[in-house]
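Please read through the structure below; I'll follow up with questions.
No value in this document is a laboratory result; all are computed from the given coordinates. Remember, predicted model here, so these are calculated numbers, not experimental data. Glycine gets a Cβ as well: all are built from the backbone with ideal geometry, and neighbour counts include every protein chain shown.
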Amino acid sequence: MSEHTHFENLEHEWDSKLKVNEGIEQPAQVNPQALERLKAGRQKLMPLNYYVDGILGGDTVILSKTITLVESTLTTHQALAQEIIAACLPYSGKALRLGITGVPGAGKSTFIESLGMFLCAQGKRIAVLAIDPSSQRSKGSILGDKTRMEQLALQKNAYIRPSASAGTLGGVARKTRESIVLCEAAGFDTIFVETVGVGQSETAVHSMVDFFLLILISGAGDELQGIKRGVMEMADGIIVNKADGDNIDKANRSQAELQSALRLFPLPESGLEPQAMIASALTNFNIESVWQMIYNHVDTIRKNGFLDKKRNRQNVQVLYDSIDETLKTNFYENQLVKTQLPLIEQQISSHKISAYVGASDLMALYLKNRE
């Protein structure tokens, strides 16, 4: 046998051994029939009284369905959601609304769980509305609050609802305000609104709560806590969290420094000087004292009439926020704007026109199309 023939035989043998059989046909990843049923179930809307009666009866499943309608961008969902909110509005307004913010890593979720567990043990009904950052691609929530508050999520008196910001704080502010109304109508007497603590979300949350709590940690340095400079003036109280173990001395020093700094700010309109305290959400240290500070503050402004004044002012702000959001949504949904916007973008990118001229041209097209 020649060497050439020998290599041909080996090559043929290798080819036969390396041949991959086709195998059986793989089943579909998702059952098509189940998917169709799921889509049909999502699209099915129930009568108005189904949602209203369920919410007033404290049904958290129906509450969740209603908040989903509130967060939906579909016109039919929005119309029904507004009817439900209008029906629930007379039953709202009695809860204590607590806003919580802080730098990432300060332990906001752990603190909420610790305080929430304490309040549940006191017979309170807790609702947690968490404004999460969201993926710019999927618009879905990045953080998973129910997985970060495992104990609280299991409490029958607690309800946790994360809301993805989807890059639009104004929209989240409106949806969160409406979710507060629904949660109060469902019988929750203490509402937590948690922000991601990364910028303008603090202002949005401050405009919808009775008490605004800032959570910081000691030893992080100003470069990591730079956010506190702009937020401290809004805070009704400050907590230095993670005051446990070897960190207690640092936490005490930070608390003293913060309290001194707070005295340099003008006295808030409420007439109450903000307090700085230390606490540990991990060990539940000082959690009861923190709640007493919050409760006393809200009780005082309720008695002196400032709480009503504050909420009335917040309701007026809702009007302006809603106008801004409605105009913006209407502008981008305009068919002529949709058509011309990519062309304007190209002209700006190629330096044919300025961004200001492009914006002016789009506004002119929009207003002309509205006539």
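Using only C-alpha positions, report the orientation-averaged shadow area of the convex hull of the range 307-371, nm², one decimal.
Projected over every direction and averaged, the Cα hull of the range 307-371 covers 5.8 nm².
Going down the table (LYS108/LYS250; LYS94/LYS242; LYS108/LYS175; LYS44/LYS328; LYS94/LYS175), which pairs top 24 Å between alpha carbons?
Too far apart for the 24 Å limit: LYS94/LYS242; LYS44/LYS328.
Then there is this: Suppose R0 equals 25 Å. What FRET efficiency, 1/(1 + (r/R0)^6) with r the Cβ-Cβ distance, do GLN122 and LYS309 give to the nearest 0.05?
0.30
So if each residue of separation counts as 0.36 nm, and I subtract the Cα-Cα distance between LEU56 and ILE353, what length gain in nm does that give?
The LEU56-ILE353 span can extend by a further 101.4 nm.
Can you work out the Karplus-derived ³J(HN,Hα) for every residue in the range 340-353? Use 6.51 cos²θ - 1.76 cosθ + 1.60 with θ = phi - 60°, whole Hz, and x for glycine or proline.
7, 4, x, 5, 5, 4, 5, 5, 5, 5, 8, 6, 7, 9
A further question on this structure: When the chain is fully extended, how far beyond the present Cα-Cα distance does ARG302 get from SER64, taking 0.36 nm per residue of separation?
Value of the extension gain: 82.7 nm.
Starting from the Cα of THR326, move 7 Å in the Cα-to-Cβ direction to define the label point; list residues of the range 55-75 whose amide nitrogen is under 16 Å from there.
Counting backbone N atoms under 16 Å from the label point, the list is 75.
Still on this model: Out of residues 5 or more away from ILE160 or on other chains, whose amide H comes under 5 Å of its own, with H placed 1.01 Å from N in the peptide plane?
Amide H neighbours of ILE160: VAL128.
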